[in-house]
Structure formats: C-alpha cells, structure tokens
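Notes to accompany the following structure.
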Amino acid sequence: MAAEANEKSIDGVTDVKVTRHVKIKEIIDNNNIETQKDLAAALRKEGINVTQTTVSRDIKEMMLVKEPDAEGNYHYAYTKDHSAMLAFGRLEKIFRNSIVSVMASESLVIVHTLPGAGQVVAYAIDYMKWPEILGTIAGYDTVFVAPDKKGNVPILIERLK
C-alpha cells in the first residue's frame, strides 16, 4: 500500500520486493499456505503490508506451485523443476536486477547485492558451475566468490558484470 508506492526501484526490483520474497520463502517453508489470502495475512502478521495483486505477482515471479500434503490439502511450495526455475534468462535477470556492484581483492571477488538478495545471487552463481569458481559464501547483501586461482579474478568480474 503506502510502502509499495514508495519503493525504490533498480530495473524493476526493489529492496522491499527482495525482502518480501525472502519473507515469503520463510513463510511457505514453515507453514502450509493454501491461498493467496493466507499468504497476504501471514505477510501482514510479519509487518509487511501487501495487496492481493502484489501477492499474486510475487507468486508468479517466485514460480511457486501448489503441492498436495498427506491429507490431500494443497499448499504453496517451490517448483522442483530447477531447470525451469534457473534457465539462463532467469539467471541473467537475477544478476541484472540484484547485483549492485562487483569488485575484487587480489584473490577474492566481492559481489554487493540489494538487501536480502545475497543468498539468491550466490545460489545462482553456484548453479552456473563456472570452472573458475571454487565456491561462494553469502550474506544478507554480500557474496564472496572464491576463484580457483588469482589469474581468474578478472574473468569472474567480467562474467558477473
């Protein structure tokens, strides 16, 4: 509502949206959310004011699906089809919309993201399975990327930009 109107946007992605998506993931991971109305109520209980339209858009963007539980009730969950969830175009969009800056020390690449997007970006980087990367460590808005050797730091910076 009022908070939605005042969101600052970077290519259509806002820090409020990223925070909301993180909270949605937490809610559906820990609760059986059966309807958009239930999800909106759970978000409001967490102090996040949303409209039905926003919840509907979030469900679509996050590629949530309805799955049956043991009792035959349906609840929101993440798709098991990670190839669809992380197609190249989607990964590119995650990078473009979430990465604020990329810099490096002599042997480490540091990626700054929108607040709350660190883990999403690290997951996307890990999913790419670039041979130059040994691994990532994600925080709230920062990702440390460990290259396999110092000489590959410039390559990683270019790829991430």
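Each value in this text was obtained by applying a stated rule to the coordinates, not by laboratory testing. These figures come from a predicted structure and were not determined experimentally. When we count neighbours, we look across all protein chains shown, and the Cβ atoms used for this are built from the backbone with ideal geometry, even at glycine.
Have a look at ALA122, ILE94, VAL145 and report the one farthest towards the positive end of the charge dipole of the stretch 91-161, computed about the Cα centre with Cβ charges (Lys/Arg +1, Asp/Glu -1).
ILE94
Can you pick out the pairs among LYS17/LYS93; LYS66/LYS161; LYS17/LYS66; LYS60/LYS93; LYS37/LYS66 whose Cα atoms lie more than 26 Å from each other?
Result: LYS66/LYS161 exceed 26 Å.
Take the Cβ-Cβ distance between ALA41 and VAL100 as r, set R0 to 30 Å, and report the resulting FRET efficiency rounded to the nearest 0.05.
Plugging the Cβ-Cβ distance into 1/(1 + (r/R0)^6) gives 0.40.
Determine the distance separating the Cα centre of the stretch 51-73 from the Cα centre of the stretch 121-161; give it in Å without decimals.
31
When you count, for each residue, the other Cβ atoms within 10 Å and take the mean per peptide, how do 114-123, 101-110 rank with the highest first?
Descending mean neighbour count gives 114-123, 101-110.
Determine ³J(HN,Hα), in whole Hz, for all residues of the stretch 39-55 in sequence, where each value follows from phi through the Karplus function 6.51 cos²θ - 1.76 cosθ + 1.60 and θ = phi - 60°; x replaces Gly and Pro.
Values per residue, Gly and Pro as x: 5, 4, 5, 5, 5, 4, 4, 8, x, 10, 7, 9, 9, 4, 4, 5, 4 Hz.
Using 1/(1 + (r/R0)^6) with R0 = 30 angstrom and r between the beta carbons of LYS60 and LEU108, what's the FRET efficiency to the nearest 0.05?
Between LYS60 and LEU108 the formula returns 0.25.
What does the C-alpha gyration tensor say about the overall shape of the stretch 30-78? Classify as rounded when a/c is under 1.5, otherwise prolate if a/b is larger than b/c, or oblate.
Oblate is the answer for the stretch 30-78, as a/c is 1.5 or above yet b/c matches or exceeds a/b.
Can you list residues from other chains, or at least 5 along the same chain, whose modelled amide H is less than 5 Å from the amide H of VAL109?
VAL145
Once the piece of chain linking GLU34 and MET128 is laid out straight, how much longer is it, given 0.36 nm per residue of separation minus the C-alpha distance between them?
The span from GLU34 to MET128 would gain 30.6 nm if fully extended.
Classify the stretch 27-152 as rounded, prolate or oblate, taking a ≥ b ≥ c as the square roots of the eigenvalues of its Cα gyration tensor: rounded when a/c is under 1.5, otherwise prolate if a/b is larger than b/c and oblate if not.
prolate
Taking a spot 7 Å from the Cα of GLU92 along the direction of its beta carbon, which residues of the stretch 128-161 have an amide N less than 20 Å from it?
In the stretch 128-161, the label zone of GLU92 (backbone N under 20 Å from the point 7 Å along Cα→Cβ) covers 128-131, 155-161.
Once you charge only the Cβ atoms, +1 for Lys and Arg and -1 for Asp and Glu, what is the size of the charge dipole of the stretch 20-84 about its Cα centre, to the nearest 20 debye?
320
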